[in-house]
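First the structure, in the form of structure tokens, and then the observations on it.
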Amino acid sequence: MNPLRFIRKNIKAIAGYFLFCLAAFILFFYILFPREEIKARIIYEIEKGTSTEIRTVADRWIFPIGLKFTGMEFKKKGAIDNLPLLRIDRLSLDMPLKSIISLSPLSNLSADLYGGTLKGTLTMRINNRILQVNWANIDVSRIERLKAVPVIIAGKVSGDMVLRLVEKKPEGQIRLLMKDGNLGKLQVMGFALPDIPVDELHGVIDIKENTISLNDLRFKNNDLKGSIKGDIRLAPAAGQEILDISIRFAVGEKMRSQYQGILSLISHTKDRDGYYTLHIKGDFKKPAVGM
């Protein structure tokens, strides 16, 4: 019998058999897919790359290959307090099948956190673990770690981050932009300052091992402008963050009149360009502000 003639004569039966086999393969693949092992692996890799412990309220699989976590918390390993480093209301991971087959798992991720949104990718190759994300409208006043600081920080932040795991230690960079911010309960040499509006703050933050470096963060409002530089050093064993930051700023006529007493106390830090400098050092929760 002519093979082509046989195929044309039985095309419907052949097509039906092929579709049945394909459907059976997809069904059994989905049923036998090692969901729990992959979920545990993802959490393990994130914990390993960020030196954190992860807890979730609930999780579920999304067809065909995806995970959705709710109530996710990141806590620093060995910390003596219960404040989370990060809290995520919802995190979804979509894993393309080809990335799993290639043994180079890559997940597209999206999240809702602190009133804002985040999107990015997570690559978990053996020697190349990379997290790339963009976020928008994150309300910093809702971040638990910042609530422990004796200064009220408010505003909505947008930006992006690239974080790599280099020799089992995090390394990366953050670019951020904050609009319509506010600083409250700030004290300088024992004097409490009124709330200071910050119309805009932008700059770059570098992360390397246990140090977060603020690289010339610039801020301004209609009567104030300046920059912030310095380091935040993490001490995992002690569960502390140590600050070593300098703030350089200049004020306009309104603020010069309003803060005349305080500015006179730090007048010797004023440079030829009219900028004052303050230093913030010590424990993140109880920093000392000096000159």
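Data table
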quantity: Residue satisfying all of: in segment 202-220; among the acidic types (D, E) and assigned to a strand (DSSP E or B); surrounded by the fewest Cβ atoms within 10 Å (Cβ to Cβ) among these; calculated: D216
quantity: Filter result (more than 30 Å from the chain's Cα centre (by Cα) and either over 20 Å from I280 (Cβ atoms) or touching a residue at least 60 places away in the same chain (Cβ under 8 Å) (or both)) within segment 239-263; calculated: G252, E253, K254, R256, S257, Q258, Y259, Q260, G261, I262
quantity: Filtered residues of segment 142-171 (kept if among the aliphatic types (A, V, I, L, M) and modelled with pLDDT of 90 or more); calculated: V157, M161, V162
quantity: Near pairs, Cβ below 7 angstrom, 6+ apart or cross-chain, from segment 121-141 (closer than 20 Å to D180 by Cα and at pLDDT 90 or above) to any residue that is charged (D, E, K, R) and crowded, with 18+ Cβ neighbours inside 10 Å; calculated: N137/K156; I138/K156; D139/K156
quantity: Count - residues of segment 107-120 that are modelled with pLDDT under 85 and either of a type in the set (D, E) or loosely packed, with under 15 Cβ neighbours inside 10 Å (or both); calculated: 0
quantity: N10 at pLDDT 70 or above and either surrounded by 10 or more Cβ atoms within 10 Å (Cβ to Cβ) or more than 26 Å from V140 (Cβ to Cβ) (or both); calculated: no
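The values are calculated or read from the model by the stated rules, or taken from the named source; none is laboratory data. Everything numeric here is computed off the predicted structure, so don't read it as measured data. Cβ: placed from backbone, ideal geometry, glycine included. Neighbour counts: every protein chain shown.
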